[in-house]
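Let me begin by presenting the structure, written as structure tokens, before commenting on it.
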Amino acid sequence: MSRPTEDARFPFIHRRRVKWGESDPARIAYTARFLDFAMDAIEAFLQDRLGAGFYELNLDHGVGTPFVHVEIDFRSPLTPRDTLETEVRLARLGGGSLTFAVKGRVGDRIAFEGKMVSACVDVSGERMRPVKVPDHFREKLEADAAFAAAG
């Protein structure tokens, strides 16, 4: 579930409860799940801003968004008792790529921070070809890019 913030747009916050099945024998969230938490939040951001998640972008718009760079720093563990709030900012709106900054928190405690870059590709043919961010999506994302640039 995502929630609006004070300004209702910036920054975007995705809220979810950590589940028992996402934990490992140490009773904390399994390391690989942190990437899922970040990607779920980014997809919720895209759904909110563009009206389309990864699946719809691919099938309905012919635009794939494979992630080509991922970095995550782990700050503190998560448990199934935690409600995770992941902040998503569009750090950069490139010609054919989107750079996201993500920060997962439980209250004031930071659980993870990261940067993820996705490239836009045409998925209509047999081979994925790089393409520019479609103009109708770029227009919807410009305010987020300006917010990030302002700092």
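Net charge of the neighbourhood of A111, taken over other residues with C-beta under 9 Å away and scored Lys/Arg +1, Asp/Glu -1, is +2. Legend: helices of the chain (whole DSSP H runs) are marked when their alpha-carbon atoms reach 20 angstrom or more along the helix axis and their mean Kyte-Doolittle hydropathy is at least -1.0; marked are 33-50, 135-150.
To put it simply, the accessible area of the stretch 46-151 at a 1.4 Å probe is 49 percent carbon and sulfur. For the chain, the calculated P(r), taken from all Cα-Cα distances in 10 Å bins from zero up to the bin holding the longest distance, is 11, 40, 32, 15, 2 percent. An oblate overall shape is assigned to the stretch 90-151, the ratio a/c of its alpha-carbon gyration tensor axes (a ≥ b ≥ c) being 1.5 or greater and a/b not exceeding b/c. Working note: 222 nm ellipticity from helices only, DSSP H runs with n ≥ 4, each -39,500 (n - 2.57), summed and divided by the residues of the chain, gives -9000 deg cm²/dmol to the nearest 500.
Using a probe of 1.4 angstrom and keeping all protein chains present, the accessible surface of the stretch 95-151 works out to 56 square angstrom per residue. Charge dipole of the stretch 36-131 (Cα centre as origin; +1 on each Lys and Arg Cβ, -1 on each Asp and Glu Cβ, all else neutral): 300 debye, rounded to the nearest 20. Its relative contact order, with pairs defined as Cα atoms under 8 Å and 6+ residues apart, puts the chain at 24 percent.
Set the Förster distance to 30 Å, then compute FRET efficiency between E56 and R109 from the Cβ-Cβ distance, nearest 0.05.
Values: r = 34 Å, r/R0 = 1.12.
It comes out at approximately 0.35.
Take the Cα of D73, go 7 Å toward its beta carbon, and the backbone nitrogen atoms of the stretch 95-110 under 20 Å from that spot belong to 99-110.
Each label point was placed 7 Å from the Cα along the Cα-to-Cβ direction; for A32 and K19 their separation is 1.6 nm.
The values are calculated or read from the model by the stated rules, or taken from the named source; none is laboratory data. Computed from a predicted structure; not experimentally measured. So basically every Cβ, Gly included, is an ideal-geometry build from the backbone, and we count neighbours across all protein chains shown. Please note that ligands, DNA and RNA were not included when accessible areas were found on the heavy atoms of the full protein model with its side chains. Shrake-Rupley method; radii C 1.70, N 1.55, O 1.52, S 1.80 Å.
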